[in-house]
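See structure below.
The values are calculated or read from the model by the stated rules, or taken from the named source; none is laboratory data. Not measured: the values here are computed from a predicted model. Backbone-built Cβ (ideal geometry, glycine too); neighbour counts: all protein chains shown. Keep in mind that these areas ignore ligands, DNA and RNA; they rest on the heavy atoms of the full protein, side chains included. Shrake-Rupley method; radii C 1.70, N 1.55, O 1.52, S 1.80 Å.
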Amino acid sequence: MIDINVTLFIQMANFLVFLILMNFVLYRPIRRIVAERKRMILEKQEGIESLEAQARAALQEHAQKLRESRQLGAQRIQELKVSGYEQEKELLRQISEQAAAKVQELRTKIEKDIAIARMELKHQVKTFSGELAQKILGRKI
């Protein structure tokens with residue numbers, strides 16, 4: 001059995017002294033290191049969160065700029081298409097006018113050639129008819 005005597009109080013004092021010494025030598029430094037580690041982890045975590053937020057913002061900004069660039073590109077392509085169509089219409093109109101002028105010029109030339117050919121043919125017909133009448137009648141007309 002346990003006897004209550006002076007040694008019990010000495011053991012209790014010894015335990016309390018040991019507890020105080022352990023607190024100064026072991027527990028406080030460990031708690032201080034744990035607290036510093038916790039503070040450092042929180043700072044790093046806040047830094048990570050801020051960097052993630054910056055990365056998300058940069059990604060959204062990049063996506064927005066990409067959408068704007070694509071929209072601007074599509075708009076520019078449409079403008080170039082419209083411009084191309086206008087130039088095509090103008091070229092077709094000019095070519096059509098040139099072709100119409102060329103056709104008119106050729107028609108005029110053909111009409112003149114036909115008129116000249118008709119006059120020559122009329123003259124030749126008169127000559128041939130006179131010669132034919134002389135041969136048929138056997139005398140000069």
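Listing for the model above:
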| read-out | value |
| --- | --- |
| The one condition in (1) more than 49 Å from the chain's Cα centre (by Cα); (2) open to solvent by 80 Å² or more (accessible area, probe 1.4 Å) that GLN45 fails to fulfil | (1) |
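Here's the yes/no breakdown for (1) outside any helix (DSSP H, G or I); (2) touching a residue at least 12 places away in the same chain (Cβ under 8 Å); (3) touching a strand residue (DSSP E or B) at 6+ places or on another chain (Cβ under 6 Å); (4) open to solvent by 70 Å² or more (accessible area, probe 1.4 Å):
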site	(1), (2), (3), (4)
LEU51	no, no, no, yes
GLN71	no, no, no, yes
GLN78	no, no, no, yes
TYR85	no, no, no, yes
ILE95	no, no, no, yes
ASP113	no, no, no, yes
GLU131	no, no, no, yes
GLN134	no, no, no, no
LYS140	yes, no, no, yes
